[in-house]
Amino acid sequence: MRIVILGGGFGGVAAARRLEKLCGRRPDVEITLVSQNNFFMLTPLLFEACSGRLELRHCAQPIRPTLRRTRFLEARVERVDPEGRVVHAVGGEGGTYELPYDHLVVGLGAATNEALIPGSASAMTFKSMADALLLRNHVIECFERADAARTSAARRRCLTIVVIGGGLVGVELLGELTAFADDVLRYYPSIRREELSFHLFEAGPRILPEIDPSLAEVAVRVLRRRGVDLRVSAPVQAIESDRIRLADETIEAGTVVLAAGIVPSAVAAGIPVEHDRRGRIVVDAAMRSRSHPAVWALGDCAAIPGPDGTLYPALAQHAVREGRHVAENVFAAVEGRQPAPFVFRSLGTMASLGHQRAVARVFGLRLTGFPAWWVRRTYYLFQMPRWDRRLRIVLDWTVALFFRPDITKVDITPEPVPTSRHYRRPVAGGIFHDPPLRVDP
Ligand SMILES: Cc1cc2nc3c(=O)[nH]c(=O)nc-3n(C[C@H](O)[C@H](O)[C@H](O)COP(=O)(O)OP(=O)(O)OC[C@H]3O[C@@H](n4cnc5c(N)ncnc54)[C@H](O)[C@@H]3O)c2cc1C
């Protein structure tokens with residue numbers, strides 16, 4: 001019996017770990033987890049990884065040490081043939097894999113929605129560790145350029161940051177960026193705080209629709225106090241390089257980040273099973289595809305109905321529970337039992353605002369300021385699967401209490417290939433390694 005899980009995110013890793021436990025006495029069940037990266041990323045920690053309060057790698061956990069008997073394959077899933085029950089994937093070296101399955105769990109997540117606003121491709125996104133690194137480098141670069149700018153227009157542009165989208169990601173990112181700017185400005189004595197210009201544009205009637213309105217109001221007040229121009233019912237009409245267009249205004253901005261919603265992974269949306277209008281895989285309450293019972297789906301790429309018919313939101317806390325539950329259901333199916341519906345009531349929602357501030361609703365309790373920030377941090381710390389990573393995070397946080405964030409950029413340009421006798425040759429994947437020294441005659 002072969003169970004293949006696609007995606008090493010919140011849902012996929014939780015499903016693999018639970019399946020391992022359930023299949024402990026079933027050596028005939030093979031579990032394979034396929035993901036394009038060999039790590040699992042704790043997205044709520046990505047904001048601090050971007051500002052440098054947390055070492056970038058520490059918001060992620062390598063997948064292999066979290067698994068005992070699951071076969072892990074680092075490969076990009078290209079397509080799935082649900083009729084032939086085969087997954088087609090491509091490895092780092094370009095090798096192709098065909099993975100037959102009896103049960104398939106799809107947890108490929110989602111991507112930033114770039115179809116809503118014309119020109120979205122020229123905005124930065126905030127979804128991956130690479131995004132966090134690029135944004136961090138870019139913002140620091142903007143401060144450097146502003147410091148050296150010859151014209152006031154160029155300086156103003158460098159010091160203008162626009163975030164599009166007032167959901168959790170947009171608000172938390174802006175909160176962290178304002179705090180980062182406050183903390184590092186002392187390294188740029190020529191730049192005054194009033195010169196920094198932060199904007200948040202939300203097309204809907206309010207920010208943080210994931211959280212109750214009174215807490216969203218607190219977040220609005222905190223951000224406005226930090227000088228953020230925060231506008232709701234303000235859809236961005238177009239994004240161009242270095243500027244955005246609103247209905248009646250154009251804003252020149254050196255940094256534009258798009259966080260205005262997500263779309264399911266293109267691969268998941270392309271699997272020929274039943275999908276909803278947005279491309280999510282349609283499943284029943286047990287997370288099984290309505291059209292193909294060997295296919296199960298969870299997390300951001302699935303449309304999972306709750307007991308009242310409304311769909312569960314695209315949130316990590318749901319994806320983890322869905323992962324565990326789908327594992328129980330797949331195992332039940334393997335054993336010839338009936339799968340059970342997934343029922344979960346959210347534990348609450350939390351949004352960090354930087355500067356040790358947050359807003360949170362946890363188990364019905366309303367928290368703001370430092371207590372909310374502390375609860376959020378502690379909760380996510382324990383979402384990291386292993387203690388070695390948790391310890392590294394705590395050490396980073398402790399160091400960050402005493403020092404300002406680092407403004408070192410990470411140079412990601414590879415060294416040019418020299419033509420000298422001692423050369424370095426690029427190998428597949430852009431990684432350089434040193435071949436044995438060659439001495440030309
Ligand atoms: C910056 C940020 C902050 C967030 N903060 C919160 C928060 O505070 N609270 C909360 O509840 N939710 C939060 N979320 C949402 C949460 O991260 C998602 O809901 C959750 O990750 C969904 O889990 P998933 O398993 O469906 O997908 P993911 O966790 O995204 O995992 C998908 C996996 O599939 C892999 N993959 C994708 N395509 C392929 C392919 N073709 N081949 C192989 N592998 C592939 C990816 O690399 C990834 O490992 C945040 C999201 C972001 C971006």
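The values are calculated or read from the model by the stated rules, or taken from the named source; none is laboratory data. No experiment lies behind these values; they were computed from the predicted model shown. FYI the Cβ positions are ideal-geometry reconstructions off the backbone, even for glycines, and counts take in every protein chain you see. Surface areas here come from the heavy atoms of the whole protein model, side chains and all, with no ligands, DNA or RNA. Shrake-Rupley method; radii C 1.70, N 1.55, O 1.52, S 1.80 Å.
Largest GNM mean-square fluctuation among Gly95, Gly165, Gly323, using the chain with Cα springs under 10 Å: Gly95. Listed peptides 4-13, 175-184, 340-349, 74-83 appear in the order 4-13, 175-184, 74-83, 340-349 once ranked by packing, highest mean of other Cβ atoms within 10 Å at the front.
Taken one residue at a time, the phi angles of segment 353-361 give Karplus couplings (6.51, -1.76, 1.60, θ = phi - 60°) of 10, x, 6, 6, 10, 7, 10, 8, 10 Hz. Gly and Pro are set to x.
Build a GNM of the chain with springs between Cα atoms under 10 Å apart, and of Ser214, Ser352, Ser122 the one that fluctuates most is Ser214.
Isolated cysteines of the chain, defined as having no other cysteine beta carbon under 4.7 Å away, are Cys23, Cys50, Cys59, Cys301.
Computed log10 I(q)/I(0) for segment 38-84 at 0.14, 0.17, 0.20, 0.24 Å⁻¹: -0.52, -0.67, -0.77, -0.87, from the Debye equation with unit scatterers placed on every C-alpha and solvent omitted. Just to confirm the number: angle between the C-alpha axis of helix 168-184 and the first principal axis of the chain, 0 to 90 degrees, nearest 10? With rounding to tens, the tilt is 40 degrees. By the equivalent-ellipsoid construction on the alpha carbon gyration tensor, segment 1-102 comes out with semi-axes of 27, 18, 10 Å, ordered largest to smallest. Can you pull a Stokes-Einstein diffusion coefficient for segment 184-340 at 4 °C (1.567 mPa s), Rh from Kirkwood over Cα pairs, as a whole number of µm²/s? The estimated diffusion coefficient comes to 67 µm²/s.
Counting heavy atoms of the protein chains alone, Lys127 has an accessible area of about 70 Å² for a 1.4 Å probe. Largest GNM mean-square fluctuation among Asp28, Asp308, Asp212, using the chain with Cα springs under 10 Å: Asp308.
Computed over the alpha-carbon atoms, segment 75-192 gives an Rg to Rh ratio of 1.16, Rh here being the Kirkwood radius from the mean inverse distance.
Positive contributions from Lys and Arg (+1) and negative ones from Asp and Glu (-1), summed over other residues with Cβ under 15 Å from the Cβ of Ser190, come out at +3.
Taking R0 as 30 Å, what FRET efficiency do you get between Ile412 and Asp248 from their Cβ-Cβ distance, rounded to the nearest 0.05? E between Ile412 and Asp248, to the nearest 0.05, is 0.20.
Would you mind computing the Rg to Rh ratio of segment 266-314 from its alpha-carbon coordinates, Kirkwood style for Rh? Taking Rh as the inverse mean 1/r over Cα pairs, Rg/Rh reads 0.92. Each other residue within a Cβ distance under 14 Å of Pro405 adds +1 if Lys or Arg and -1 if Asp or Glu, for a net charge of -2.
With N the number of residues in the chain, Rg(Cα) / (2.2 N^0.38 Å) evaluates to 1.05. The share of accessible area on the chain that comes from carbon and sulfur is 53 percent, using a 1.4 angstrom probe. Descending by average beta-carbon neighbour count within 10 Å, the peptides 193-205, 377-389, 14-26 line up as 14-26, 193-205, 377-389, the highest first.
The calculated FRET efficiency for the pair Arg225 and Arg57, based on their C-beta separation and a Förster distance of 35 Å, comes to about 0.60. For the chain, adding -39500 (n - 2.57) for each run of n ≥ 4 DSSP H residues and dividing by the number of residues yields -9500 deg cm²/dmol at 222 nm.
When restricted to Cα atoms, segment 248-360 yields an Rg and a Dmax of 17.8, 62 Å, respectively. Segment 197-268 and segment 108-183 have Cα centres spaced 12 Å apart.
Taken along the Cα-to-beta-carbon direction at a fixed 7 Å, the label points for Val362 and Val399 span 2.6 nm. For the residues Arg321, Arg85, a 1.4 Å probe over the protein chains yields an accessible-area ranking, largest first, of Arg85, Arg321. Leaving out ligands, DNA and RNA but keeping every protein chain, what accessible area does Thr151 have, in Å² rounded to the nearest 10, with a 1.4 Å probe? Its accessible surface works out to 80 Å², give or take rounding.
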